[in-house]
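Enquirer: This structure is in structure tokens; I'll ask about it shortly.
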């Protein structure tokens, strides 16, 4: 497959006109997996966010075909929302040259070639989970940000039901110079508002689908965060740990460039 650098080199040498290069970029920006999927293999080069394969509702055979095409094109692949059956199938298909790591009970997984390491950008992020039940999705945010080159500091089970647990951990993160915070919380989702009122660091609220009865699938936490009176809090959708990690990493990486 032609790489982006090959196209740019040929433009510099005069082998391609600008118009020809533009056409090539459109063609080679996508790997087509039969009729199943189109992988945006240059997304990371174009916008700093790697391609993520959403595994939920995909058959095992379709997912394996997509994974194979992705690994043929890139040294690393990120997957989300994997079932145990999908996890086992991918693990069984890996040869000695591949490493398959699963986090957060399948919320996110990383498949990469041996000796692959993410680039280090200098961005620094804090990830806080209010309760142990929120850790699953918080891990997706952590792994996504790390794959985008950030250093991630984490602390879990420090919610408002025992808020005294939070302050030493939060103080340590601020002293370490984090650029942005992700706070995962289910139930009533109060922790992001509390922390936003204490720090001068941007906070991303990550509502989690844990709780009781009405609103217990994350809706209560989402509405609470959206209605926060603490300025400096932005909110992603319920259980969108990957989205929270991606936007946090973009911000932190931008700051690290200064």
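The numbers here are math on the coordinates, done by the rules we state, and not lab data. Because the structure is a prediction, the values reported are computed rather than measured. Don't worry about glycine lacking a Cβ; one is built from the backbone with ideal geometry, like all the others, and counts go over all protein chains shown.
Enquirer: So how do 105, 19, 188, 139 line up by other beta-carbon neighbours within 10 Å, fewest first?
Expert: Ascending Cβ contact count within 10 Å gives the list 19, 105, 188, 139.
Enquirer: I need the calculated FRET efficiency for the pair residue 116 and residue 171, taking r as the beta carbon distance and R₀ as 51 Å, to the nearest 0.05.
Expert: In this case the efficiency is close to 0.90.
Enquirer: Here is a follow-up. In nm, to one decimal, how far is the residue 230 label point from the residue 214 one, both placed 7 Å along Cα→Cβ?
Expert: 2.6
Enquirer: Counting other beta carbons within 10 Å of each Cβ, put 238, 223 in order, fewest first.
Expert: 223, 238
Enquirer: Pull out a ≥ b ≥ c, the square roots of the eigenvalues of the alpha-carbon gyration tensor of region 124-256, then state rounded if a/c is under 1.5, prolate if not and a/b is larger than b/c, and oblate in the remaining case.
Expert: On the way: a/c = 1.58, a/b = 1.35, b/c = 1.17.
Prolate, because a/c is 1.5 or more and a/b exceeds b/c.
Enquirer: Using r as the Cβ-Cβ distance of residue 256 and residue 11, and R0 as 30 Å, what FRET efficiency do you calculate, to the nearest 0.05? Don't jump to the answer; show the numbers that get you there.
Expert: Numbers: r = 29 Å, r/R0 = 0.97.
Efficiency computed from Cβ-Cβ geometry: 0.55.
Enquirer: Helix-derived [θ] at 222 nm for the chain: sum -39500 (n - 2.57) over DSSP H runs of at least 4, divide by residue count, nearest 500?
Expert: -12000 deg cm²/dmol
Enquirer: Follow-up. Ranked by Cβ crowding within 10 angstrom, fewest neighbours first, how are 116, 16, 212 ordered?
Expert: If I rank by nearby Cβ atoms, fewest first, I get 212, 116, 16.
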